[in-house]
Amino acid sequence: MEQSKSFRLPVIKAQTFIGKKITLDGNRFEDCIFKDCNIVYTGGPAETSSCYFENVRWIFEGAAGTIVTVMQGLGWKILPPG
């Protein structure tokens, strides 16, 4: 997702998160590792670059949750990885 040149997300770089609840919105994650985390996305601006996700649970709330619900109502299947 490309942001306007006048708006830059705060960068979180080269961190490892284990067993945490992480909200993506409002941040740019670079070279981060997420293990056994709950990853929350509500529909706001967010970016990831070269991140590694292992055994994470994706939680879509707010506008993002509404989109998932609408897609499921239209027959889209949201499947677990694997």
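No value in this document is a laboratory result; all are computed from the given coordinates. Since this is a predicted model, take the numbers as computed values, not measurements. A quick note on method: Cβ atoms are made from the backbone with ideal geometry, for glycine too, and the neighbour counts reach across all protein chains shown.
Counting only pairs 8 or more places apart or on different chains, how many lysine pairs in the chain have C-alpha atoms closer than 29 Å?
Working: 5/13; 13/21; 13/35; 20/35; 20/77; 21/35; 21/77; 35/77.
Taking the Cα cut-off of 29 Å, the pair count is 8.
If you split all Cα-Cα distances of the chain into 10 Å bins from zero, what percentages do you get per bin, shortest first?
17, 44, 32, 7
Roughly speaking, what is the stretch gain from residue 63 to residue 78, that is 0.36 nm per residue apart minus the C-alpha to C-alpha distance, in nm to one decimal? Can you show the working numbers first?
Details: separation 15, 0.36 × 15 = 5.40 nm, distance 1.65 nm.
Gain on stretching residue 63 to residue 78: 3.7 nm.
Taking a point 7 angstrom from the Cα of residue 54 along the C-beta vector, which residues in the stretch 18-44 have backbone N less than 19 Å away?
In the stretch 18-44, the label zone of residue 54 (backbone N under 19 Å from the point 7 Å along Cα→Cβ) covers 18-22, 30-39.
I need the GluC sites (Glu not before Pro) found in the stretch 1-70, filtered to DSSP loop residues with at most 16 other beta carbons within 10 Å of theirs. Before the final figure, lay out the partial values.
Details: sites: 2, 30, 47, 54, 61; in loops: 2, 61.
Qualifying residues, ordered by number: 2, 61.
With labels modelled as points extended 7 Å from the Cα through the Cβ direction, what inter-label distance (nm, one decimal) is found for residue 47 paired with residue 20?
That separation, rounded to one decimal, is 2.0 nm.
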